[in-house]
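The values are calculated or read from the model by the stated rules, or taken from the named source; none is laboratory data. Keep in mind that this is a model prediction, so the values were computed, not measured. Because the Cβ atoms are built from the backbone with ideal geometry, glycine has one as well, and the counts that use them run over all protein chains shown. Remember, those area values only see protein heavy atoms, side chains included, never the ligands or the DNA or RNA. Shrake-Rupley method; radii C 1.70, N 1.55, O 1.52, S 1.80 Å.
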Amino acid sequence: MIPPLPDHMLRRLGRTEADADTLRVLVRDQDTRRLVLLRALLDAAGAAPTTVCPPRALDRLHQDWALLERAERADRTAVRTVLLHPLVGPWAQRCLRGLAGPGPVSGPAPDPGLRAGLDHLSALAAAAAIRAGIPFTTRLTAHDGLLPLPTLGALRTARDGSGAVDVGFRDGELTLRDMSAGPPLAAHTHQDGTTGSADPRWLPVLALPAVRHGAGPVPLDDVDPYRTDGRGPRPHGLSTATRLDDHARKTWAGSWAAVAPLLRIGGEHRLTEVAVLLRCLVPLGPPPGSGPAGDSAAHCSGTRREAFGAVLSSRPATPAHFASTLVHELQHTKLAALCALVPLHHEDAEPRHFAPWRPDPRPFDGLLQGAYSHLALADYWQRFALGARRVTHRDLAWAEHARCREQVGAVLPALAGSAALTREGRILVNEMIALYHRLDDCPPPAGHLARAEAYVATTKVIWQQRNGP
């Protein structure tokens, strides 16, 4: 979408140390792609058969689009906060798939989730108008007992199914009337973009404070219906999204408050990554198999390429692990955005490579992603160990550093030996190798190193027994 990155930015990215200017190039490209995706959605609705998108639904889409344009004329930044919210990406892509699904009348039945998806644009337009301070009244449709207003919160309706909700907004006051039952709900907006209400039916999105001056708050979004793919538990230890109670919200907020100084121990660039890239956190439940009440030491996290800027995570056990989770996952965000901008390799997608952090064979792209994130973790934990004041913190950091460094060392030959790397990919991998060797300047204590070497060697034996040489 924009010209390729200059070499000095690629080298910074290869060292996992991108500055704010480099990160903003990736962000600008991703934002442009999102706006193009939304326009493509409107065009696809207009081109879809009437069996897929009936005239009445198309008319409503155009009304919603007109409200978005009106709100953008009033406050462009406020509207972009909604449209560039990470979870709008999965919604738009799911709608596009639904609109492109059945062709002829004799074809398969329309996507059953498409109606809810198209209704969601109405909610997006309403949320954008609220943030822009535009007065309006409209009727929205709740699904599965919930009417979300993305980035703001959600109304829990009296019925579990679908139902109409009248929505009005004026002078900072939001009114929602569930047409199935109950009195109107009143909520008010705050200057920081959050909402509040004394009515327990309103489920506000908690905004975690900015990690530093000039950055925006980070929504802890536990109500958006598109925060996961909706297919239940995901493979490789990721759990489903969860809804938070007051105690859980306070725990997340308390842990978040300690994250910024811990990130800074790992280098100012780690704080910059969070400030520039992180747009939302999605809380996950405890990992599968962690026990009925959850295990405080068990943790899972992940990202979604279509949800740029979102990190999905179960509640970290400590602020230090919270910080390392952000370091880890934002490397995936960063590298995925780079791959969308500049091809890094032409390898096929066959899963054949050993990766010490996964039990299954990985495709080359997955190997590159994993090595990149673990290299950043090795760098982060080394800096943490060197800057930690408490012995227990140093021991934890050295153990994590040694394990991550050994894991990266086990896969770098496969990356460096690929003949399918592009010129940009070769620059990136060469810088990764240079950083890997620079970590030797401050080696971990011998005991941690020996345990890490034994861990990776054992992992490889088990992997080969399961998957072959």
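Could you compute the net charge surrounding VAL79? Neighbours are other residues with a C-beta less than 12 Å from the C-beta of VAL79; K and R count +1, D and E count -1. Value of the local net charge: +2. Computed about its Cα centre, the charge dipole of the chain is approximately 240 debye, with only Lys, Arg, Asp and Glu carrying charge at their Cβ. Going by Cα centres, the stretch 175-189 and the stretch 396-461 are how many Å apart? One Cα centre to the other: 56 Å. Measuring nothing but alpha carbons in the chain and taking Rh as the Kirkwood radius, the Rg to Rh ratio lands at 0.99. Packing around the peptides 301-310, 197-206, taken as the average count of other Cβ atoms within 10 Å per residue, puts them in this order, highest first: 301-310, 197-206. The residues of the stretch 150-196 expose, per residue, 49 Å² of accessible area to a 1.4 Å probe. Between amide H atoms placed 1.01 Å from N, distances below 5 Å from LEU421 occur with HIS346, all of them 5 or more places distant or on a separate chain. When all C-alpha to C-alpha distances in the stretch 312-461 are sorted into bins of 5 Å, what percent of pairs does each bin hold, rounded to whole numbers? Computed distribution, short to long bins: 2, 9, 18, 21, 21, 15, 9, 4, 1, 0. In the chain, the longest principal axis of the Cα atoms and the axis of helix 114-132 are about 90 degrees apart. Cα axis of helix 446-467 to longest principal axis of the chain: angle in degrees, 0 to 90, nearest 10? In the chain, helix 446-467 runs at an angle near 70 degrees to the longest axis. By the scheme Lys and Arg +1, Asp and Glu -1, what is the net charge of all other residues having a beta-carbon under 10 Å from that of LEU114? Within the 10 Å Cβ shell, the charges total +1. Translational diffusion coefficient of the stretch 57-209 (Stokes-Einstein, Kirkwood radius from Cα pairs, 10 °C, 1.306 mPa s): 99 µm²/s. Considered as an equivalent ellipsoid built on the Cα gyration tensor, the stretch 170-213 has semi-axes of 26, 12, 6 Å, the largest given first. Highest average first, the peptides 246-258, 155-167 ordered by how many other beta carbon atoms sit within 10 Å of their residues are 155-167, 246-258. Quick check: the angle from helix 391-416's long axis to the longest principal axis of the chain, C-alpha only, nearest 10 degrees? So the helix axis and the longest Cα principal axis differ by about 90 degrees. Shape descriptor for the stretch 375-469: Rg over Rh equals 1.04 (Cα atoms; Rh from the Kirkwood inverse mean 1/r).
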